[in-house]
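For reference, the structure is listed below as structure tokens.
The values are calculated or read from the model by the stated rules, or taken from the named source; none is laboratory data. No experiment lies behind these values; they were computed from the predicted model shown. Virtual Cβ from ideal backbone geometry, glycine too; neighbours counted across all protein chains shown.
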Amino acid sequence: MQNNTAPMASNGFDALNLINPLCRAVNDEEYTSPTPIQMQAVPYLLEGRDLLGCAQTGTGKTAAFALPILQRLKENHQPAVKKRVRSLILTPTRELAVQISESFAIYGRYLNLKQTVIFGGVRPEKQIKALRHGVDILIATPGRLLDLYNQKCLKLDKVEVFVLDEADRMLDMGFLPDVKKIRSYITHHTQTMLFSATMPVEIRHLTKSFLKDPVKIEVSPPSSTVDKIDQRVLFVDRENKSALLLSMLEDSSIERVLVFARTKHGANRIVRNLNKSKIKADAIHGNKSQSARLDALNKFKTGKVRVLVATDIASRGIDVDDITHVINYELPNEPESYVHRIGRTARAGAAGIALSLCDLGELGYLRKIERVINKSVIMEEDHLYHSNSVASKRGRSMHSKTKSPQRKRFYGSRTSAGKNKRAVSKRKNASHGRPRRGSSRRSRI
Ligand code: AMP
């Protein structure tokens, strides 16, 4: 039995005029007030406006679109029609599709709406069955959506709401042709929402062809990084990167860490090296089967594996509790990827640490990143493999920071584990807050 009229304990969500089943769901999640993107976007979305929303990583964009969609679908209830889809949310990765589907299930738990998620890499039979009688909410990756559309397993002519999550990725060269095709199949008058934390100017103009008289919301400048992420760059010679990573991982304050590599093979190599040194690590990348990908992510989420080594396939949207550190073993060649990678920590108001290993060949990437995030990343030279020669070629930096007298070695110990432990406890007592809470389809990632 649903109860749309039962009185609710008042909380900061009252101002959003959400129906009671949604207020109850956010209460269950212990959300006390809407985040800025939710506060600003939800009223317009409830009015039916198209919207381009930019907000930093981990600041609640999913609920910003999920809550008004759920409300609209509930208030405008429609009887089930075979194969019909009422709202369509596209995402660039399978893992993100699953996560968004879980969020819809949480926020919509008192609404009794039908939803399903479809993505590639798994057998389609169950997905086809779930679509047979129509769904209110479909979360999908573009490739599998088109496959099933072409097999006439679903209809898009009655889509009322269309969302591109990670919109700049969905509109870049890899996905754009598929996304345009999908958009052309949606013939009904549709409310369209585009969300991301980054929006390169060359993509921004493409958004115009998807949106009608949109509201534009920028909670913070696109590509800005969350203040609570303590970002550092460690200059190192290429041949010492592996040893540096090992010494960093000796630090037990690095409790749950996502290590990013640029390629699938690079990620595998890192895992092999770590395993050789008895550090339990798993990899997630595009060469793994879907079940291996989900398995690696689950082990990481549940704390069975402390170190997850990933390509950029895991850089966007993935929301794992308590990632204390992100380590860029290699800097990404696209600066926006840096923003998304480090945004896997410090989510929902928590704090986190992002450490980037930078060799001579990557100085150009670092410069591009700093230009996009509009700040310099602090140099951390207090480690075993600091390379003066790389550091000296960095050029002038607004915030480059040399060793401060009161700080001890940041990572690793030259001699004994005991010394290392002391360094660790000093670090724990230092200023860093701990996190609060628990297609080109054959790409290099
Ligand atoms: P998202 O950016 O949508 O991935 O959300 C990041 C994290 O913030 C998720 O773990 C959400 O559960 C959480 N979250 C979303 N909205 C709120 C809110 N209003 N208050 C507290 N946490 C929230």
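Quick notes on this structure:
- Conditions (1) under 30 Å from residue 23 (Cβ atoms); (2) at pLDDT 95 or above; (3) assigned to a loop (DSSP other than H, G, I, E, B); (4) of a type in the set (A, V, I, L, M): number failed by residue 122: (1)
- The lone exception for residue 48 - which of (1) touching a strand residue (DSSP E or B) at 6+ places or on another chain (Cβ under 7 Å); (2) of a type in the set (Gly, Ala, Ser); (3) within 15 Å of the ligand (Cβ to nearest atom) it fails: (3)
- Filter result (closer than 16 Å to residue 377 by Cα and small (Gly, Ala, Ser)) within region 331-348: 337, 343
- Among the residues of region 63-82, those identified as under 18 Å from residue 114 (Cα atoms) and either aromatic (Phe, Trp, Tyr) or not in a loop (DSSP other than H, G, I, E, B) (or both) are 63, 65, 66, 67, 68, 69, 70, 71, 72, 73, 74, 75.
- Residue pairs meeting the criteria (Cβ under 6 Å; at least 6 apart or on separate chains; first assigned to a loop (DSSP other than H, G, I, E, B), in region 307-322; second among the β-branched types (Val, Ile, Thr)): 311/445
- Qualifying residue in region 52-66 (condition: modelled with pLDDT of 95 or more, more than 13 Å from the ligand (Cβ to nearest atom) and surrounded by fewer than 24 Cβ atoms within 10 Å (Cβ to Cβ)): yes
- Flag if residue 162 is closer than 30 Å to residue 385 by Cα, buried (at least 18 other Cβ atoms within 10 Å of the Cβ) and of a type in the set (A, V, I, L, M, F, W, C): no
- Residue among 109, 144, 123 that alone is out of contact with any Leu (no Cβ under 9 Å at 6 or more places or on another chain) and crowded, with 18+ Cβ neighbours inside 10 Å: 144
- A search for C-beta distances below 8 Å between a residue of region 151-180 that is assigned by TED's automatic domain parsing to the domain that holds residue 339 and any residue that is at pLDDT 95 or above, counting only pairs 6+ apart in sequence or on different chains, returns nothing.
- Looking across region 263-276, just one residue is within 23 Å of residue 302 (Cβ to Cβ) and more than 26 Å from the chain's Cα centre (by Cα), and that is 275.
- The residue pairs whose first member lies in region 18-44 and is more than 10 Å from the ligand (Cβ to nearest atom) and of a type in the set (Lys, Arg), whose second member is modelled with pLDDT of 95 or more and part of a loop (DSSP other than H, G, I, E, B), and whose beta carbons are closer than 9 Å, counting only pairs six or more residues apart or on different chains, are 24/109; 24/110.
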